[in-house]
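Colleague: First the structure, which I've put down as structure tokens, then a few questions once you've had a look.
The values are calculated or read from the model by the stated rules, or taken from the named source; none is laboratory data. Note that the structure is predicted; figures quoted are calculated from it, not measured. Here the Cβ positions follow ideal geometry from the backbone for every residue, glycine too, while neighbour counts run over all protein chains shown. Note: areas computed on protein heavy atoms with side chains; ligands, DNA, RNA excluded. Shrake-Rupley method; radii C 1.70, N 1.55, O 1.52, S 1.80 Å.
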Amino acid sequence: MRTAAGDIEIVSKLGPDERLLAFDVLDGLTRPFKEVPPKHFYDAEGSRLFEQIIEQPEYYPYRTERVILEACAEEIVARTGAAELVELGSGVPTKTLLLLDAMRDAGTLDRYVPFDVSESVLLGSAERLVEQYPGLRVYGVLGDFERHLDALPVAEGPRIIAFLGGTIGNFPPGSRRKFLRGLARELRPQDRLLLGTDLVKDPALLEAAYNDAAGVTAAFNRNMLAVINRELGGDFDLDAFEHVAFYDREQEWIEMRLRALEPMVVNVRELDLAVHFANREEMRTEISAKFTRERLQADLAAAGLRLHALMTDDDSLFALSLSGP
Ligand code: AVJ
């Protein structure tokens, strides 16, 4: 698909019926340890709940990354001379504006390339941004950045590929390196990867961030079951599962699970599947890896990337890194 309105172009890599959720649910719920990947959290309700998570006092990553960007956007743009900003999992542009402002002020801003699975999010932000930044061209890619990096347009000026929020932490270590290698292939010598990573810290702070007192993260977690019910004809009882989030000190990641409160059989009509849960059986819904400088550098190096700058907040809660080939 291609739409053109002013300086907006959207290309789609998503087929009319991707069946990705169906595959992931069938595969994940028939494993010896049940698991559904975190990308399926984000339907309209899940995205709304995530917007609420980032406002919880315990959830420090989002606002901390913002503080770092506020302090460093100008330097990032000065170091790169970036004319293009590619943003993976762009969502509703908020932090993006800090980078676009700095590019405009430096006189280099030319093109914004948001990459997202939601067409309405892409169109909405494109329309808003071409108005807010006169002369800006927007080239949106509707797709899954794990599979569709080949849809990125050919770079024209120096480019920043931004992957913010710490979402890289959702990949297990092997897939993470594979994904970074794929990103590295998209970078020419003058291009840079701007990567947000949450840092290893006091486990109590980490666990609080994923167990907010208001219960928003718990609702976000359970919403995965509502997605399966709606999209695949499942009959999950959301109240029969409790939210579990803990820090795995060995792996240095947060793990989120849903725990069955009683033995039960759940049917998923469209998959012709009956799933048995034992009492207190858990199903994994997310890992969110936390980084040390050493781990970050090793992962980047394994992808052929060199760390150029590491920017953190005063309490070293979160890091933004700039790296290149
Ligand atoms: C959007 C993947 C960065 O891992 O902290 C927030 C998602 N999950 N609370 C994270 C999330 C539970 C978030 N990321």
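Colleague: Name, by its number, the condition in (1) assigned to a helix (DSSP H, G or I); (2) open to solvent by less than 70 Å² (accessible area, probe 1.4 Å); (3) among the β-branched types (Val, Ile, Thr) that does not hold for residue 67.
Modeller: So the condition that residue 67 fails would be (2).
Colleague: Select from the range 74-94 the residues that are in a helix (DSSP H, G or I) and either under 14 Å from residue 159 (Cα atoms) or in contact with an Asp or Glu (Cβ under 7 Å, 6 or more places away or on another chain) (or both) and list them in ascending order.
Modeller: The answer is 76, 77, 78, 79, 80.
Colleague: Additional query: Tally time: how many residues in the range 250-271 are open to solvent by 20 Å² or more (accessible area, probe 1.4 Å), among the hydrophobic types (A, V, I, L, M, F, W, C), touching a residue at least 60 places away in the same chain (Cβ under 8 Å) and under 19 Å from residue 26 (Cβ atoms)?
Modeller: Start the filter on the range 250-271 by keeping residues that are open to solvent by 20 Å² or more (accessible area, probe 1.4 Å), which leaves 250-253, 257, 259, 261-265, 267, 269-271.
Still in the list and also among the hydrophobic types (A, V, I, L, M, F, W, C): 253, 261, 264-265, 271.
Next, only the ones that are touching a residue at least 60 places away in the same chain (Cβ under 8 Å) stay: 253, 271.
Filter again for under 19 Å from residue 26 (Cβ atoms), leaving 271.
Result for the range 250-271: 1.
Colleague: I'm trying to understand the selection: among the residues of the range 50-73, which are polar (S, T, N, Q) and under 17 Å from the mean Cα position of the chain (by Cα)?
Modeller: 52, 64 - these are the residues of the range 50-73 that are polar (S, T, N, Q) and under 17 Å from the mean Cα position of the chain (by Cα).
Colleague: Please name all residue pairs, on different chains or six or more residues apart, with Cβ atoms under 8 Å, provided the first residue is in the range 164-185 and is under 15 Å from residue 254 (Cβ atoms) and the second residue is of a type outside the set (Phe, Trp, Tyr) and open to solvent by 50 Å² or more (accessible area, probe 1.4 Å).
Modeller: 170/39
Colleague: Still on this structure, please answer the following. For the range 7-45, which positions are near the ligand (Cβ under 10 Å from one of its atoms) and either surrounded by fewer than 17 Cβ atoms within 10 Å (Cβ to Cβ) or not charged (D, E, K, R) (or both)?
Modeller: Scanning the range 7-45 gives 38, 41, 42.
Colleague: Name the residue that is nearest to the ligand (Cβ to nearest atom), counting only residues in the range 138-154 that are open to solvent by less than 60 Å² (accessible area, probe 1.4 Å) and assigned to a helix (DSSP H, G or I).
Modeller: 149
Colleague: Residue 247 - would you say it is over 14 Å from residue 43 (Cβ atoms), open to solvent by 10 Å² or more (accessible area, probe 1.4 Å) and touching a Leu at 6+ places or on another chain (Cβ under 7 Å)?
Modeller: Spelling it out, residue 247 is indeed over 14 Å from residue 43 (Cβ atoms), open to solvent by 10 Å² or more (accessible area, probe 1.4 Å) and touching a Leu at 6+ places or on another chain (Cβ under 7 Å).
Colleague: If you don't mind, there's one more thing I want to ask. Determine if the range 217-225 includes at least one residue that is more than 16 Å from the ligand (Cβ to nearest atom) and on the phi < 0 side of the Ramachandran plot.
Modeller: no
Colleague: Within the range 160-178, restricting attention to residues that are in a helix (DSSP H, G or I) and under 18 Å from residue 320 (Cβ atoms), which residue is farthest from the ligand (Cβ to nearest atom)?
Modeller: 176
Colleague: Condition (residue is part of a helix (DSSP H, G or I) and either within 30 Å of residue 270 (Cα to Cα) or more than 11 Å from the ligand (Cβ to nearest atom) (or both)) applied to the range 53-62: is it met by at least one residue? Break it down into steps so the answer makes sense when it comes.
Modeller: Just the residues of the range 53-62 that are part of a helix (DSSP H, G or I), to begin with: 53, 60-62.
Now restrict to residues that are either within 30 Å of residue 270 (Cα to Cα) or more than 11 Å from the ligand (Cβ to nearest atom) (or both): none.
Checked the range 53-62: no residue is part of a helix (DSSP H, G or I) and either within 30 Å of residue 270 (Cα to Cα) or more than 11 Å from the ligand (Cβ to nearest atom) (or both).
Colleague: For the list (1) closer than 20 Å to residue 134 by Cβ; (2) within 16 Å of the ligand (Cβ to nearest atom), I need the number of the one condition that residue 91 fails.
Modeller: It fails just one condition, (1).
Colleague: Inside the range 79-100, can you point out the residues that are touching a helix residue (DSSP H, G or I) at 6+ places or on another chain (Cβ under 7 Å), modelled with pLDDT of 95 or more and open to solvent by 20 Å² or more (accessible area, probe 1.4 Å)?
Modeller: 98
Colleague: If only one of 284, 306 is open to solvent by 30 Å² or more (accessible area, probe 1.4 Å) and away from the ligand (no atom under 16 Å from the Cβ), which one is it?
Modeller: Working: 284 fails: away from the ligand (no atom under 16 Å from the Cβ).
When all the criteria are applied, what remains is 306.
Colleague: Name every residue in the range 229-268 that is of a type outside the set (A, V, I, L, M, F, W, C) and touching a helix residue (DSSP H, G or I) at 6+ places or on another chain (Cβ under 7 Å), in order of residue number. Walk me through how you get there before you give the answer.
Modeller: Quick first cut of the range 229-268, residues of a type outside the set (A, V, I, L, M, F, W, C) only: 229-231, 233-235, 237, 239, 242-243, 247-252, 255, 257, 259, 262-263, 267.
Scanning the range 229-268 gives 231, 233, 234, 235, 243, 247, 249, 262.
Colleague: What pairs come up if the first residue lies in the range 13-32 and is under 29 Å from residue 139 (Cβ atoms), the second is exposed (fewer than 14 other Cβ atoms within 10 Å of the Cβ), and their beta carbons are under 8 Å apart, counting only those six or more places apart or on different chains?
Modeller: Here the result reads 13/147, each pair linking the range 13-32 to a residue that is exposed (fewer than 14 other Cβ atoms within 10 Å of the Cβ).
Colleague: Here's a check for you: in the range 226-243, which residue that is open to solvent by less than 20 Å² (accessible area, probe 1.4 Å) and in a strand (DSSP E or B) is nearest to the ligand (Cβ to nearest atom)?
Modeller: Applying the filter and picking the extreme gives 241.
Colleague: Could you tell me which of the residues 157, 182, 135, 196 is more than 16 Å from the ligand (Cβ to nearest atom), among the small types (Gly, Ala, Ser) and not in a loop (DSSP other than H, G, I, E, B)?
Modeller: Matching residue, one of 157, 182, 135, 196: 182.
Colleague: Also, I was wondering about something else. Have a look at 289, 274, 278 and point out the one that is of a type in the set (Gly, Ala, Ser), at pLDDT 95 or above and buried (at least 16 other Cβ atoms within 10 Å of the Cβ).
Modeller: 289
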